[in-house]
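Heads up: the structure comes next, in structure tokens.
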Amino acid sequence: MNFNSEPIIALHQVSFTWPGSRQFALHIDSFTLHRGERVLLLGQSGSGKSTLLSLLCGVIAPQQGTIVLAGTNLASLSVTKRDRFRAENIGVIFQQFNLLPYGSVADNVLLPLVFAPKRRQRIQQGSNSMAEAQRLCVALQLPDQILSARTSELSVGQQQRVAVARALIGQPEVIIADEPTSALDRDSQQAFMNLLLGQVADSDASLLMVSHDPDLAHYFDRVVRIEDLQTATPQAEALC
């Protein structure tokens, strides 16, 4: 696939060192994710994947360099504005799902819309929030009546798909997935990836998925190893 459009994510000369640490944590010369692209970011434990995701999501800000997402330099925003920007533009699928255990499936799927009025408006142009939550759940092959169920009552596989629905609702431009297949066997992994990629394509979103598993490479347009992004220095040691 040929991507000629302006990148949805662009990093340039990004450096970050954790406060109180004398060790060099992370330095990325350059990284881009194009609109509609699906990229697999590979790296072992301790390679700096979590630090990079925190930078991309605006949870932390780089000490140097620029991170431009959807035309906005995240480093120029305050902490509050970065949080708001992330809610509007990024859907995150966490490794441990981070669902509200005593909330219903509907509560969990609709939660991003509380903090992201633009995502909520996109839904309201053609439907309503509950109908969209139901559509996503059905598309992810969850039971018809699942919206009223508590997430604590669901299987791990069902919780995972609820986490995907939550990330996708309101059509954020970027989906970031952190090791979402790490607990799945190969058959379940294949079924999950096919569902995820199908829904990402339907939403016209870009996907950055982090994993330590190179066998996932065939699902993606491009594979990037985090060690290949980093500038080598005598003191360089990536910290997750």
Being closer than 14 Å to Leu229 by Cα and in a helix (DSSP H, G or I) narrows Leu33, Leu53, Leu41 down to just Leu53
Condition set crowded, with 16+ Cβ neighbours inside 10 Å and at pLDDT 95 or above, scope the stretch 94-104, selection nearest to Ser54 (Cα to Cα): answer is Leu99
Within the stretch 220-240, of all residues that are touching a Lys or Arg at 6+ places or on another chain (Cβ under 7 Å) and either closer than 23 Å to Gln171 by Cβ or buried (at least 17 other Cβ atoms within 10 Å of the Cβ) (or both), the one modelled with the lowest pLDDT is Ile226
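Being small (Gly, Ala, Ser), out of contact with any Ser or Thr (no Cβ under 7 Å at 6 or more places or on another chain) and not in a helix (DSSP H, G or I) is the filter here; which residues of the stretch 114-149 pass it? Before you say what the answer is, go through the steps one by one.
Our first condition is that a residue be small (Gly, Ala, Ser); within the stretch 114-149, this holds for 116, 126-127, 129, 131, 133, 139, 148-149.
Checking the rest, the ones that are also out of contact with any Ser or Thr (no Cβ under 7 Å at 6 or more places or on another chain) come to 116, 126-127, 129, 131, 133, 139.
Passing the criteria: Ala116, Gly126, Ser127.
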### Message
Just checking, does the stretch 184-199 include any residue being closer than 18 Å to Met130 by Cα, touching a residue at least 60 places away in the same chain (Cβ under 8 Å) and either of a type outside the set (Phe, Trp, Tyr) or part of a loop (DSSP other than H, G, I, E, B) (or both)?
### Response
yes
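Residue under question is Phe85, and the condition is that it be crowded, with 16+ Cβ neighbours inside 10 Å, assigned to a loop (DSSP other than H, G, I, E, B) and within 16 Å of the chain's Cα centre (by Cα); does it hold?
Values: crowded, with 16+ Cβ neighbours inside 10 Å: yes; assigned to a loop (DSSP other than H, G, I, E, B): no; within 16 Å of the chain's Cα centre (by Cα): yes.
Taking the combined requirement at face value, the residue does not satisfy it.
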Every listed condition ((1) buried (at least 17 other Cβ atoms within 10 Å of the Cβ); (2) without any contact (Cβ under 8 Å) to a residue 24 or more places away in the chain) holds for Ser76 save (1)
Taking the stretch 177-201 and the residues there that are surrounded by 13 or more Cβ atoms within 10 Å (Cβ to Cβ) and of a type in the set (Asp, Glu), the one that is farthest from Gly65 (Cα to Cα) would be Glu179
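Here are Ser211, Ser148, Ser127, Ser188: which of them is within 14 Å of the chain's Cα centre (by Cα) and of a type in the set (Ser, Thr, Tyr)?
Values: Ser148 fails: within 14 Å of the chain's Cα centre (by Cα); Ser127 fails: within 14 Å of the chain's Cα centre (by Cα); Ser188 fails: within 14 Å of the chain's Cα centre (by Cα).
Of Ser211, Ser148, Ser127, Ser188, the one residue that is within 14 Å of the chain's Cα centre (by Cα) and of a type in the set (Ser, Thr, Tyr) is Ser211.
Going by the conditions given, is Thr66 in contact with a strand residue (DSSP E or B) (Cβ under 6 Å, 6 or more places away or on another chain) and closer than 24 Å to Leu207 by Cβ? Step through it out loud before you land on a result.
Working: in contact with a strand residue (DSSP E or B) (Cβ under 6 Å, 6 or more places away or on another chain): yes; closer than 24 Å to Leu207 by Cβ: yes.
Taking the combined requirement at face value, the residue satisfies it.
The values are calculated or read from the model by the stated rules, or taken from the named source; none is laboratory data. Just so it is clear, the structure is predicted and the values come from calculations on it, not from any experiment. All Cβ positions, glycine included, derive from the backbone under ideal geometry; neighbour counts span all protein chains shown.
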